[in-house]
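Taking it in order: structure first as structure tokens, then the write-up.
We did not get these values from a lab; they are worked out from the coordinates using the rules stated. The model shown is predicted, which means the values in this text are computed figures rather than measured ones. In this analysis, Cβ positions are derived from the backbone assuming ideal geometry, glycine residues included, and neighbour counts consider all displayed protein chains.
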Amino acid sequence: MTVVVAGALANKPGQSGEAWVKLSWIRGLQRLGIDVWFVEQLADSMAQDDRAPAWFRSVTERFELADSAALLAGDESLVGPSLDELREVATEATLVNISGHLTLPRLFEAFRRRVLVDIDPGFTQFWHEAGLAGANVEGHDVYFTIGELIGTDDCPIPTVGIDWIPVRQPVVLDDWPLAAEGEAERFTTVATWRGPYGPVEVAGRTYGLKVHEFRKFIELPQRSEQRFEIALDIHPGDERDLAALRDHGWSVADPQRVAGDPDALRSYIQGSGAEFSAAQGMYVDTACGWFSDRTVRYLASGKPAVVQETGFSRLLPVGTGLIGFRTLDEAADAVADIGARYAEHSEAARRIAEDYFDSDRVLPSFCEQAGIA
């Protein structure tokens, strides 16, 4: 069986978190004995950016994917196999289309089977309901989402007549081993202050971004004995927010220094004591069950996580190793508890990754539901 994973890599040069999302799917499927290819469609806005093909080559070569990975610009292959070669592979392959990334008709339509994996729950469905082309939902045979509570009574995200199958973000545990190093009192995260999308307005309600949520917890370092650091991609126009973070005790690191390549990101996470992070307002306000792939990597490394509640406490064990919060007081209490019981929290964090996110557990069920033999 052959699977072609499609997703953004070269389109986001230097963003190792995005790289690890695709690598986890590719490497996890490979562990099941599947012949896995990777294809990326370069956006027009990146056509003249020399960083794009260089980043694509560096990541695919680092993970021994060079012979089965292609970067396309329209009908032209900038890196790897040609479009004609990919079309020949596609006739007997299943497309695993992360975020609906691949839209090139000549290739998309050649696949035996097409599977959408939605990793932006809420944005995808609201855009699709509004008829926006960027949702890239049409034309797939099976639909998965990491918004595990979409379709339940308490989640306002529309299904738009689609049976959205829940799937968790897989992690290859061999890539993210338990890490004993790191300072227990040092809480970190890696974030983009505003992210690639703007707020979504639906029926008079606005679903906001991470910046709107993080501001609610900016006082946390002043309420805690622990230290807090954020590797933050933030626009110069948000200098007031940057100054406010520092004034309230946050250490702000250069995201390119700590996450400019996949190995650097892994070292940063594994050198941390724990994670603290807020979530996109979309995920918080819809309680869709979204859970960060970044947080999964902290857990796998044995690093406890204190993260903003999105409904995931209905799906995952919380209280030890993983703690969700809604208020500043809850966040401060959670951080203090991790400091007081660090060894217990660390052991529990790894167990959660093993029991709920291990690619060897997540992907066999995914393949069965997706019709991948």
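Listing for the model above:
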quantity: Filtered GluC sites (Glu not before Pro), region 138-204: DSSP coil and at most 14 other beta carbons within 10 Å; calculated: 138, 181, 183
quantity: Gained length - residue 216 relative to residue 347, 0.36 nm times residue gap less alpha-carbon distance; calculated: 44.2 nm
quantity: Karplus (6.51, -1.76, 1.60) ³J(HN,Hα), θ = phi - 60°, over region 135-152, in Hz, Gly and Pro reported as x; calculated: 5, 6, 8, 4, x, 9, 8, 9, 10, 10, 8, 7, x, 5, 9, 4, x, 8
quantity: Long-range HN-HN contacts of residue 41 with modeled amide H, under 5 Å; calculated: 7, 72
quantity: FRET efficiency estimate (nearest 0.05) - Cβ-Cβ, residue 369 to residue 32, R0 22 angstrom; calculated: 0.95
quantity: Fully extended contour minus Cα-Cα distance, from residue 112 to residue 225, at 0.36 nm per residue; calculated: 35.1 nm
quantity: Charge-dipole axis of the chain as Lys and Arg at +1 and Asp and Glu at -1 on Cβ define it, positive-most pick from 204, 334, 363; calculated: 334
quantity: Computed helical MRE - 222 nm, the chain, DSSP H runs ≥ 4 contributing -39500 (n - 2.57), nearest 500; calculated: -10000 deg cm²/dmol
quantity: Equivalent ellipsoid, region 44-83 (semi-axes from 5 times Cα gyration tensor eigenvalues, Å); calculated: 17, 13, 5
quantity: Test item: Cα-centred dipole of the chain, Lys/Arg +1 and Asp/Glu -1 on Cβ, debye; calculated: 320 debye
quantity: Most to least packed among 116-123, 99-106 [average Cβ atoms within 10 Å]; calculated: 116-123, 99-106
quantity: Sorted by Cβ neighbour density within 10 Å, fewest at the top, the residues 152, 91, 60; calculated: 91, 152, 60
quantity: Shape of the chain, Cα gyration tensor, a/c cut at 1.5; calculated: prolate
quantity: Ranked list, fewest to most other Cβ atoms within 10 Å of each Cβ, for 95, 209; calculated: 209, 95
quantity: Positive-end residue, the chain charge dipole about Cα centroid, Cβ charges, pick of 43, 321, 110; calculated: 321
quantity: Distance cut-off 25 Å, percentage of C-alpha pairs in region 1-106 lying past it; calculated: 10 percent
quantity: Karplus-derived 3J(HN,Hα), 6.51/-1.76/1.60, for each residue of region 54-63, Hz, glycine and proline x; calculated: 5, 5, 4, 4, 4, 6, 5, 5, 4, 10
quantity: GNM flexibility winner over the chain from 200, 296, 335 (Cα, springs under 10 Å); calculated: 200
quantity: Two-site label geometry, residue 205 and residue 174: point separation in nm, points 7 Å out along Cα→Cβ; calculated: 4.5 nm
quantity: Residue 330/residue 132 FRET efficiency (R0 35 Å; Cβ-Cβ; nearest 0.05); calculated: 0.50
quantity: Three-way shape label, region 105-220, alpha-carbon gyration tensor, a/c 1.5; calculated: oblate
quantity: Two-site label geometry, residue 256 and residue 197: point separation in nm, points 7 Å out along Cα→Cβ; calculated: 2.8 nm
quantity: Extended-chain gain in nm, criterion 0.36 nm per residue less alpha-carbon gap, residue 85 and residue 267; calculated: 61.8 nm
quantity: Three-way shape call for region 186-356 based on the alpha-carbon gyration tensor, with the a/c threshold at 1.5; calculated: rounded
quantity: Whole-Hz ³J(HN,Hα) from phi, Karplus 6.51 cos²θ - 1.76 cosθ + 1.60, for region 306-315, glycine and proline x; calculated: 10, 9, 5, 5, 10, x, 5, 5, 7, 10
quantity: Relative exposure of 12, 210, judged by other C-beta atoms within 10 Å (fewest first); calculated: 12, 210
quantity: Between helix 16-31 and the chain: long-axis angle, C-alpha atoms, 0 to 90°, nearest 10; calculated: 60 degrees
